[in-house]
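Reviewing the structure listed below.
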Amino acid sequence: MILELLGGAGAGKSTATDYMKEHYGAVILQTDRIAHALYSPGKEGFDLAVKILGREIISGDGTLDRKRMADILFRDPEKLCRINSAIHPMVWEEVRREISRNKTSPLTVVETALPDRKRSDIFDEIWYVYTSAEGRAARLMKDRGYTEERVKEMLNRQHSESEYRDMADRILENEGSTEEMERQIDAGLSGKVVKLR
């Protein structure tokens, strides 16, 4: 089974994937980590970022200064749009390659905050982890130390709740306990993937 797990930043996608990895042996692919790897020196994303943002984002050791890059993109939505338009197709091509390499696990989960409707043909099912915008904002400020302004800007750039819901086959409500969400995962995978423990 190939599952796409949607949800905005701070929704609790990692809690869900940790459970599926431990209890179902799932292989987890995170689009943000794949994008991060594409920005390594020698990769296409590195050259793309330097072309759009300038050489000042290269740190002394030759890697990208991620903080400087994030600050520029936070202040310049046009550059963010250019970066995303170019890097997203690269990320999804890598997702396809990784899925084709997985010959061992009965479950592959692709975790993303920025799904692409054009690529939904990859998946058997699409699930959405729902947490209220207020809950997500509080979590991001507490866990990641983001300012309220930055959180608002981040949430505004992601899909709306209705867009996520329209894409999803199943909704995981993450407003209660972790155990409640785990029960929802078990119900969604029942009869499709064998639970290991």
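Bear in mind that the values in this text are calculations on the coordinates, not laboratory data. Keep in mind that this is a model prediction, so the values were computed, not measured. Positions of Cβ are generated from backbone atoms using ideal geometry, with glycine treated the same way; all protein chains shown enter the neighbour counts.
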Practice problem: Putting +1 on Lys and Arg Cβ atoms and -1 on Asp and Glu Cβ atoms, find which of 177, 191, 45 reaches farthest to the positive end of the dipole of the chain. | Solution: 45
Exercise. May I ask what percent, to the nearest 5, of DSSP beta bridges between residues of the chain are antiparallel?
Key: 5
Quiz item: What does the charge dipole of the stretch 32-104 about its Cα centre add up to, to the nearest 20 debye, if the Cβ of each Lys and Arg holds +1 and the Cβ of each Asp and Glu holds -1?
Solution: 180
Exercise. Please determine, in degrees from 0 to 90 and to the nearest 10, the orientation of helix 66-75 with respect to the longest principal axis defined by the Cα atoms of the chain, where the helix direction is its Cα long axis.
Key: 90
Quiz item: How about residue 21: which lysines have a C-alpha closer than 21 Å to its C-alpha, ignoring those fewer than 8 places off in the same chain?
Solution: 13, 103, 192, 195
Self-check item: Most to least packed among 4-16, 79-91, 50-62 [average Cβ atoms within 10 Å]
Solution: 4-16, 79-91, 50-62
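For residue 121 and residue 59, compute 0.36 nm times the residue count separating them, minus their Cα-Cα distance, and round to one decimal in nm. List each step's numbers first, then the result.
Working: separation 62, 0.36 × 62 = 22.32 nm, distance 3.87 nm.
In short, 18.4 nm is gained.
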Self-check item: Paramagnetic label zone (point 7 Å from Cα along Cα-to-C-beta, residue 1; backbone N under 13 Å) in the stretch 111-126
Solution: 124-126
Quiz item: How many nm separate the modelled label positions at residue 98 and residue 22, each set 7 Å beyond the Cα in the direction of the Cβ?
Solution: 2.1
Practice problem: Once you have a ≥ b ≥ c as the square roots of the Cα gyration tensor eigenvalues for the stretch 52-93, tell me rounded if a/c is under 1.5, and otherwise prolate or oblate according to whether a/b is larger than b/c. | Solution: oblate
Quiz item: For the chain, what is the relative contact order in percent, using Cα pairs closer than 8 Å and at least 6 residues apart in sequence?
Solution: 38
Practice problem: Rounded to the nearest 500, what is the 222 nm mean residue ellipticity of the chain from helices alone, with -39500 (n - 2.57) per DSSP H run of 4+ residues and division by all residues? | Solution: -16500 deg cm²/dmol
Practice problem: Send over the Kirkwood Rh of the chain, from the inverse of the averaged 1/r over different Cα pairs, rounded to one decimal Å. | Solution: 17.9
Quiz item: Label residue 142 and residue 82 with points 7 Å out from Cα along Cα→Cβ: what is the distance between them in nm?
Solution: 3.9
Quiz prompt | Theoretical FRET efficiency, 1/(1+(r/R0)^6), r = Cβ-Cβ of residue 161 and residue 47, R0 30 Å, to 0.05 | solution = 0.25
Quiz item: Can you give me the Cα centroid spacing of the stretch 3-58 and the stretch 167-181 in angstrom?
Solution: 22
Quiz item: When the chain is modelled as a GNM with alpha-carbon springs shorter than 10 Å, which of 170, 33, 117 fluctuates the most?
Solution: 117
Quiz item: Can you list the HN-Hα couplings for the stretch 3-9, worked out from phi with the Karplus curve (6.51, -1.76, 1.60; θ = phi - 60°), rounded to whole Hz and with x for Gly and Pro?
Solution: 10, 9, 10, 9, x, x, 4
Self-check item: Nearest-20 debye value, the chain charge dipole, Cβ charges on Lys, Arg, Asp, Glu
Solution: 520
Quiz item: Taking the Cα atoms only, what angle lies between the long axis of helix 148-157 and the longest principal axis of the chain, rounded to 10 degrees?
Solution: 70
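Specify whether the C-alpha gyration tensor of the stretch 71-146 places it in the rounded, prolate or oblate class, a ≥ b ≥ c being the square roots of the eigenvalues: rounded for a/c under 1.5, otherwise prolate if a/b is larger than b/c and oblate if not.
Note, shape of the stretch 71-146 comes out oblate.
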Self-check item: Added length on full extension, which subtracts the Cα-Cα distance from 0.36 nm per residue, residue 70 to residue 33
Solution: 11.8 nm
